[in-house]
Amino acid sequence: MHNIIAIAKNTFRETIRDKILYGILAFALLFLMSTVLFGSISLGEDIKVIKDLGLAGIYVFSLIVSIFIGTSLIYKEIEKRTLYIIFSKPVSIAQFLLGKFVGLMLSIILTVALMTATYLTVVAINGGGFDYPALWSIVLLIFELSIFVALTTLFSTFTTPLAGTLYSVIILYIGHSLEMLLRYGINSGPFASFAAKIAYYLMPNLEKFNIRNEVVYGNLPSATTISFSLIYAVLYSTILLYLANIALKNQDL
Amino acid sequence: MINITNLSKHYGKHKVVDGLSLTIDTGTIFGFLGPNGAGKTTTMKMLVGLSRPDAGTITIGKNNITEITAKSQIGYMPEDPYFYDHLHALEFLEFMNELFPKNLRHSNQDLTQTLKLVGLDSARNKKIKHFSKGMKQRLGLAQSLVNDPGYIFLDEPLDGLDPIGRREFKEIILGLKKRGKTVFFNSHILSDVEELCDAIGIIHHGHLIYEGPVKQFMKGKPLETRFVETITNA
């Protein structure tokens, strides 16, 4: 356990000292503040527009942070051969991957927390009060990001950051379109139906984590929804990290 | 003692190390020599558990290197080492120290002493990305000593160092031997091998073609001359 903590601490320290992170964060905060302008040009729907754009902005920018850091996470260690030093110490591949994953998640949670604080301030200043339901949307976003980070970690064990980004974005897109794909497949013949069903059960169903539209109207998710989403995110991330462990074990450093 | 028995490794159809067996006594400095592509680095990577052999066993002290606990008693400095650019030298050593079980960890004072030993005391709070190649070599050596290991594996440790740095590294290596440590190192600089080593092994095309005391190998000639003769005649 101490190895996982040490690697997580080091990963967190490395990522928060990376200037790219600050660049993305600065853009994100500017965007969140600029939602006021978009709100002001809508007709009496300014708070709704601020909430809509604000939550979408947090989602997009946290994905950008995950992609920038996640897809090069392990690849950089293999390329720069820092892994040689780590694996000559009493550290297993599983401990290394878990430490990297936890460290990266902590960095992402910190950036999401900063964006959320800005969002809540902007909403409150514009008369929306404390947007408590939005916090549940952020909690589910973090669950989704854990799957996405595990996915980028898996790709970074065997492919370049560019290819990893491409694969991750494709899976992200599919993960948000599974219901639609399944409906389309079922209506397009037996083979398409079979393929759509396989994709539906194998791919991560990321729409489970999207409650942004509901919370904008003040609807809170049930405890069952939150618990189910948490279990789903933990299970899916564990499977992806287990696959990353196998992929890295089979690599000759 | 380091015991290597029948070690083999191939990449695709190319056999890089073929049936290598070697015994290295405790408290000695062993030089592992060979031309480029002979299999030196591959052998070292297997010795420190980075690469899995296709056949053969490696025992360090009483432990097989495939057991993760065996790594608590070794130190390894890779060739041309890379680090985490955003960390400071002392932060990096602290990180390395934390990777060992609690009973083997050293105090921050010990880590500062290790940095002092390799001549990096004044740069302990400097970011690694601002280090020169020689400073990185020094940090590479420092991290290999962080757990006070009994067995130290150094891959081309004297590369990139100026003459003063090389002298200091040689003194450190001899100091380690005096403290009863076993040092195994790869080097192309044969004058350093001649000066430091008790015994050598020569690998060529993956086969061990000589193992024994360095003086016995030299037969009164310079090591470089004997090395070239041996490789040419192999």
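The values are calculated or read from the model by the stated rules, or taken from the named source; none is laboratory data. None of the values given here were measured: they were computed from a predicted structure. Methodologically, a virtual Cβ is constructed for each residue, glycine included, from the backbone with ideal geometry; neighbour enumeration extends over all protein chains shown. Surface accessibility is based on the protein's heavy atoms, side chains included, excluding ligands, DNA and RNA. Shrake-Rupley method; radii C 1.70, N 1.55, O 1.52, S 1.80 Å.
Site pair A:V60 and A:E45 shows an inter-label distance of 1.7 nm when each label is modelled 7 Å from Cα along Cα→Cβ. Per the Debye calculation on the range B:146-234 with a single equal scatterer at every Cα and no solvent contribution, log₁₀ I(q)/I(0) for q = 0.18 Å⁻¹ amounts to -0.88. Across the protein assembly as shown, Cα-Cα pairs more than 32 Å apart make up 51 percent of the total.
Quick check: residue separation of A:A199 and A:H176 times 0.36 nm, minus the Cα distance between them. What number comes out in nm?
Numbers: separation 23, 0.36 × 23 = 8.28 nm, distance 1.21 nm.
Going from the current span to full extension adds 7.1 nm.
What value in Å³ per residue do you get for the convex hull of the alpha-carbon atoms in chain A? Please report the intermediate quantities before stating the final value.
Working: hull volume 36.9 nm³, N = 253.
Taking only Cα atoms, chain A has a hull volume of 146 Å³ per residue.
The radius of gyration of the Cα set in the range B:20-76, together with its Dmax, comes out at 11.6, 33 angstrom.
Computed extension gain for B:H10 through B:N125, at 0.36 nm per residue and net of the alpha carbon distance, reaches 37.1 nm. Residue by residue, the range A:109-124 carries 3J(HN,Hα) couplings of 4, 5, 5, 5, 5, 5, 5, 5, 4, 5, 4, 4, 5, 4, 4, 5 Hz when phi is fed to the Karplus relation 6.51 cos²θ - 1.76 cosθ + 1.60 (θ = phi - 60°); x denotes Gly or Pro. Listed by chain and number, the lysines placed with their C-alpha closer than 25 angstrom to that of B:K129 are A:K9, A:K19, A:K76, A:K80, A:K89, A:K100, B:K116; residues fewer than eight positions away on the same chain are left out.
Note on chain B: with a GNM built from Cα contacts shorter than 10 Å, the maximum mean-square fluctuation among B:D148, B:D110, B:D18 falls on B:D110.
Remark: the range A:105-206 is approximated by an ellipsoid whose semi-axes, taken from the C-alpha gyration tensor as √(5λ), come to 33, 21, 10 Å, largest first. Per residue, the Cα convex hull of the range B:96-172 amounts to 101 Å³.
Can you tally the net charge around B:G212? Count Lys and Arg as +1, Asp and Glu as -1, for every other residue whose Cβ sits under 13 Å from the Cβ of B:G212. Walk me through the intermediate numbers first.
Numbers: positive: B:K215, B:K219, B:R226; negative: B:D25, B:D198, B:E211.
Neighbour charge sum, excluding B:G212 itself: 0.
The alpha carbon radius of gyration of the range B:154-197, expressed as a multiple of 2.2 N^0.38 Å, is 1.07. Rg and Dmax, both from the Cα atoms of the range B:20-144 and both in Å, are 16.1, 46. Using the Cβ-Cβ distance between B:A55 and B:H188 with R0 = 22 Å, the FRET efficiency computed as 1/(1 + (r/R0)^6) comes to roughly 0.20.
Computed over the Cα atoms of the range A:1-78, what is the convex hull's projected area averaged over all directions, in nm²?
6.4 nm²
With the simple model of a label 7 Å out from the Cα in the direction of the Cβ, A:A223 to A:I246 spans 3.7 nm. Annotation: for a label point projected 7 angstrom from Cα along Cα→Cβ of B:Q216, residues of the range B:28-53 with backbone N closer than 17 Å are B:28-33.
Of interest is the spacing of the C-alpha centroids, which for the range B:130-155 and the range A:120-146 amounts to 48 Å.
For chain B, report the accessible area per residue in Å² (1.4 Å probe, heavy atoms, rounded to an integer).
Details: 9980 Å² over 234 residues.
Per-residue accessible area for chain B comes out at 43 Å².
Counting chymotrypsin sites (Phe, Trp or Tyr not before Pro) as exposed when in a DSSP loop with at most 13 other beta carbons within 10 Å, what is the longest stretch of chain A free of them? After excluding every exposed loop site, the longest remaining stretch is A:1-129.
Less than 5 angstrom separates the built amide H of B:G75 from those of B:Y151, B:I152, B:F153, all sequence-distant by 5 or more or on a different chain. A simple count of charges around A:K76, restricted to other residues whose Cβ falls under 13 Å of its Cβ and scoring Lys, Arg +1 and Asp, Glu -1, yields -2. Taking Cβ atoms as reference points and 15 Å as the exclusive limit, the residues near B:E67 contribute a net charge of +4, counting Lys and Arg as +1 and Asp and Glu as -1.
Using only Cα coordinates, the Kirkwood hydrodynamic radius of the range A:171-253 works out to 15.0 Å. Calculated mean residue ellipticity, 222 nm, chain B: -10000 deg cm²/dmol, from DSSP H runs (n ≥ 4) at -39500 (n - 2.57) each, averaged per residue and rounded to 500. With a 1.4 Å probe and every protein chain left in place, tell me how much accessible area A:L162 has, in Å² to the nearest 10. Per-residue accessible area (A:L162): approximately 140 Å².
At a probe radius of 1.4 Å, figure out the A/B buried accessible area, summed over both chains, and give it in Å² to the nearest 100.
Working: alone 13350 and 11380 Å², together 21760 Å².
Adding both sides of the contact gives about 3000 Å².
Buried on complex formation within the range B:90-120 (loss of at least 10 square angstrom of accessible surface versus the isolated chain, 1.4 Å probe, ligands and nucleic acids ignored): B:E91, B:F95, B:M96, B:E98, B:L99, B:F100, B:P101, B:R105.
Solvent-accessible area of A:R212, all protein chains in place: 40 Å² (probe radius 1.4 Å, heavy atoms, ligands and nucleic acids excluded). The distance between label points at B:N64 and B:A234 comes to 2.9 nm (points 7 Å beyond Cα on the Cα→Cβ vector). Using heavy atoms of the protein chains and a probe of 1.4 Å, the accessible area assigned to A:H176 is about 50 Å².
Accessible area per residue for chain A, computed on protein heavy atoms with a 1.4 Å probe, is 47 Å².
Mind grabbing the base-10 log of I(q)/I(0) for chain B at q = 0.15, 0.16 Å⁻¹? Debye formula, identical points on the C-alpha positions, no solvent, two decimal places. Result of the Debye calculation: -1.03, -1.16.
Fully extending the segment from B:D148 to B:D80, taken as 0.36 nm per residue of separation minus the present Cα-Cα distance, adds 22.3 nm. Around the amide H of B:V16, modelled in the peptide plane, lie the amide H atoms of B:K9, B:H10, B:Y11, all under 5 Å away and 5 or more residues distant in sequence or on another chain. Karplus-based coupling profile of the range A:137-146, in residue order and whole Hz: 5, 5, 4, 5, 4, 5, 4, 4, 5, 5, with θ = phi - 60° in 6.51 cos²θ - 1.76 cosθ + 1.60 and x standing for Gly or Pro.
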